[in-house]
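**Q** To start, I am sharing the structure in question, which I have written as structure tokens.
The values are calculated or read from the model by the stated rules, or taken from the named source; none is laboratory data. From a predicted model like this one, the values you see are computed outputs, not experimental measurements. We place every Cβ from the backbone using ideal geometry, glycine too, and count neighbours over all the protein chains shown. SASA here: full protein model, heavy atoms, side chains in, ligands and nucleic acids out. Shrake-Rupley method; radii C 1.70, N 1.55, O 1.52, S 1.80 Å.
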Amino acid sequence: MDTNHPATRPANPRFSSGPCAKIPHFELNMLSDAALGRSHRAKVGKEKLKAAIEGTRQILGIPDDYRIGIVPASDTGAVEMAMWSLLGERKATMVAWESFGAGWVTDVVKQLKIDAEVKTADYGKIVDFAEIDFDTDVVFTWNGTTSGVRLPNGDAIPADRAGLTICDATSAAFAQDLPWDKLDVTTFSWQKVMGGEAAHGMLILSPRAVERLESYTPAWPLPKIFRLTKGGKLIEGVFVGETINTPSMLAVEDYLVALEWAKKIGGLPELMKRATTNAKILWDFCDRHDWLANLAEDPATRSNTSVCLKFTDDRIKDGAAFAKAVAKKLDDYNAAYDIGAYRDAPAGLRVWCGATIEAADVEKLTLWLKWAFEACLEAQD
């Protein structure tokens, strides 16, 4: 059976959901202008960091009065910075429908010990935002990287809310249309849709979030890397490229290259189109085969980046073992790397379909999925 595999493999089999595939035709020499060996506080370093901030604003259409900062520790660092700095002034509502959202619940309830209402949904489902009290501070993920479920829009978030909305958008930014007027704090990392290098996070603050920072002091001490104010005023330097700690100028250059690629291909509309085109190839493949299904139960909530799939064939004896066998076989044949479901998620596969992935590679992957499914089904007998 193993000799009867598809004739051609994806040109780029890197379908990991983070770090994700680099931009098409990436080469290391694209980073030759990196400010290596230079201080990030020098003129050249500050200019590149500021360019990363302004390039982000331009591509994502972030309002001019929103602050954008580059912060330590990837998206995790950005979310933690927001929660530690902003929560506690009023009751919170923690919303989770996948692993990372569940992690934010734990940090707020058990570590910060904040009075919070917790609303959760099982993998494949989403919390009804119409039932959320937005006079509380609400923390949620826009796109569930480990569940493949996303918010379809921000319509349920009221414009006259009293609380802040803190949104982890790490696998949504650059692939989904984020309603900035509904988001007070937004975070993401470079290594998702833009295929950037790890360790750096982005923190985006609305004027309402800045007002909270300048009028409220948390009851707990803040680590240095979380401090966004001094003397009751926002540290403005953080939001023009004067980072809290030393950034990797190589990673900054890599992000700048990705932003330039995004601009050249048509900006956010084209990035979203590429991701949706990729994801639809998998959605349509599921519709044509009754042994594979999208983990997201409602088509309106399907992620167009982290597409999570589950096997549904009754002949499968051990779902978890079978899914691992399929993922391993695809890896062994260099057809797809790192597509096993997240460790806390239901057994299945997780295929990254963000903008740096080529549609032709997803098409070829579907042929290998069918082959690997049949091969593993035969092998279990």
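**Q** Magnitude of the Cβ-charge dipole of segment 162-284, K/R +1 and D/E -1, about the Cα centre, nearest 20 debye?
**A** 160
**Q** Also: In whole Å, what is the distance between the alpha-carbon centres of segment 28-104 and segment 133-152?
**A** 19
**Q** Please give the length that would be gained between TYR216 and HIS25 if that part of the chain were fully extended, namely 0.36 nm times their separation in residues minus their C-alpha to C-alpha distance (nm, one decimal).
**A** Length difference between fully extended and current span is 64.0 nm.
**Q** Moving to a separate point now. Between ASP33 and ASP65, what is the label-to-label distance in nm when each label sits 7 Å out along the Cα-to-Cβ direction?
**A** 3.4
**Q** To test your reading of the geometry: what angle, between 0 and 90 degrees and rounded to tens, separates the Cα axis of helix 74-86 from the longest principal axis of the chain?
**A** 40
**Q** Which of the lysines could be linked to LYS324 by a straight reach, that is with a Cα gap under 21 Å, when you skip same-chain ones fewer than 8 residues away?
**A** In chain and number order, the partners are LYS310, LYS364, LYS370.
**Q** Heavy atoms of the protein only, probe of 1.4 Å, neighbouring chains included. What is the accessible area of PHE26 in Å², nearest 10?
**A** 60
**Q** Rounded to a whole number, what % of the accessible area of segment 290-381 do carbon and sulfur atoms account for, probe 1.4 Å?
**A** 47
**Q** Measure off 7 Å from each Cα along the Cα-to-Cβ vector at ALA321 and ALA51, then give the distance between these two points in nanometres to one decimal.
**A** 5.5
**Q** Right, next: Using the heavy atoms of the protein chains and a 1.4 angstrom probe, tell me the accessible area per residue for the chain in square angstrom.
**A** 42
**Q** Could you pull out every residue, at least 5 positions away or on a different chain, whose amide H is within less than 5 Å of the one on THR165? Hs are placed 1.01 Å off N in the peptide plane, and Pro or chain starts have none.
**A** Amide H to amide H, under 5 Å and 5 or more residues apart or across chains, THR165 pairs with VAL138, ASP184, VAL185.
**Q** Quantify, in whole percent, the carbon and sulfur part of the accessible surface of segment 4-55 (1.4 Å probe; protein heavy atoms only).
**A** Using a 1.4 Å probe with all protein chains present, segment 4-55 comes out at 52 percent carbon and sulfur.
**Q** Which net charge results for the neighbourhood of ARG212, defined as the other residues with beta-carbon distances under 11 angstrom from its beta-carbon, given Lys and Arg at +1 and Asp and Glu at -1?
**A** Here the charged neighbours net out to -3.
**Q** Let me ask another. Take the Cβ-Cβ distance between ALA159 and HIS289 as r, set R0 to 51 Å, and report the resulting FRET efficiency rounded to the nearest 0.05.
**A** 0.75
**Q** Taking the Cα atoms only, what angle lies between the long axis of helix 267-288 and the longest principal axis of the chain, rounded to 10 degrees?
**A** The angle comes out near 30 degrees.
**Q** For the residue pair ALA199 and SER248, what label-to-label distance in nm results when each label sits 7 Å from Cα along the Cα-to-beta-carbon direction?
**A** Each label point is offset 7 Å from its Cα along the Cβ direction, giving 0.5 nm.
**Q** Determine the relative contact order of the chain: mean sequence separation of Cα pairs under 8 Å and six or more apart, normalised by residue count, in whole percent.
**A** Averaging sequence separation for qualifying contacts and normalising by length gives 25 percent for the chain.
**Q** For segment 129-186, which whole-number percentage of the solvent-accessible area (1.4 Å probe, protein heavy atoms only) is attributable to carbon and sulfur atoms?
**A** Solvent-exposed carbon and sulfur of segment 129-186 make up 41 percent of the total.
**Q** Could you order ARG67, ARG14, ARG9 by accessible surface area, starting with the largest, using a probe radius of 1.4 Å?
**A** Of ARG67, ARG14, ARG9, the descending order of accessible area is ARG14, ARG9, ARG67.
**Q** Quick check: residue separation of ALA347 and LYS113 times 0.36 nm, minus the Cα distance between them. What number comes out in nm?
**A** 81.0 nm
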